[in-house]
Amino acid sequence: MTARTFLQEDGLYLYRHIFPAAVPQLAFCGSEVATISNLATHALHAEFIARVAAGKMALPTEKTMRAEIEQTKAWKRSWMPTTSCRSSLVLLHQVHYHDQLLEDMGLPAARKGANVLAEWFMPYQPRDYDGIIGSQS
C-alpha cells in the first residue's frame, strides 16, 4: 500500500487527522491538520497517539474509522472551496476538534472548570489544557 492509495485531490483524509483507517499502526502527528493554534493541536495529537500506543485507549474498528472519514470528507466538500489541502483544514473549527480529541481520550471537553460563563464566553488559553499532556489519565 502506498501513500497514493490514501491521497486524494484535496488531501489526505485521516481518522481524527491522525490515523489512516487501513493502517492504524501509522500515525501522523500534526502534519495533516491546520488549526489556528498548531502547537496545542500537535500536543493533543501527541497525547492521543501516546495513549493509543500505550494501550490506554483503543481506536474504533476500521469500518467505523472509514465511516467517520467519509462523513468528514462529505461535510468539507459540501462547503469548503476546492484546494489541495482541504482535508487538513480545521482552522475555525479548532475548539470543536480539540473537544472531540479530549472526549475520545475520556477527558472533559469543558476546560474552564465550574465557571459556566467562562466556558461559554472566554477563549481557550494554553493553561486550560494543563494536566492533559503526559497525564495518561
Helices (runs of 4 or more DSSP H) fully within region 25-137 counting 1 or more residues that are in contact (Cβ under 8 Å) with a residue 60 or more places away in the chain: 38-53, 62-79, 94-104
How many residues are open to solvent by less than 10 Å² (accessible area, probe 1.4 Å) and free of Cβ contacts under 8 Å to residues at least 24 places away in the same chain if we restrict to region 2-24? 1
Scan of region 62-95 for residues that are over 20 Å from Leu39 (Cα atoms) and open to solvent by 70 Å² or more (accessible area, probe 1.4 Å), ordered by number: Glu62, Lys63, Arg66, Glu70, Gln71, Trp75, Arg77, Ser78, Trp79, Pro81, Thr82, Ser84
Specify which of the listed residues (His93, His98) is in contact with a helix residue (DSSP H, G or I) (Cβ under 7 Å, 6 or more places away or on another chain), under 29 Å from Gln8 (Cα atoms) and modelled with pLDDT under 95. His98
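The values are calculated or read from the model by the stated rules, or taken from the named source; none is laboratory data. This one's a predicted model, so the numbers in the text were calculated from it and none came from an experiment. Note that we place each Cβ from the backbone using ideal geometry, even for glycine, and neighbour counts take in every protein chain shown. For the accessible areas, the whole protein counts, side chains as well, though only heavy atoms, and no ligand, DNA or RNA atoms are used. Shrake-Rupley method; radii C 1.70, N 1.55, O 1.52, S 1.80 Å.
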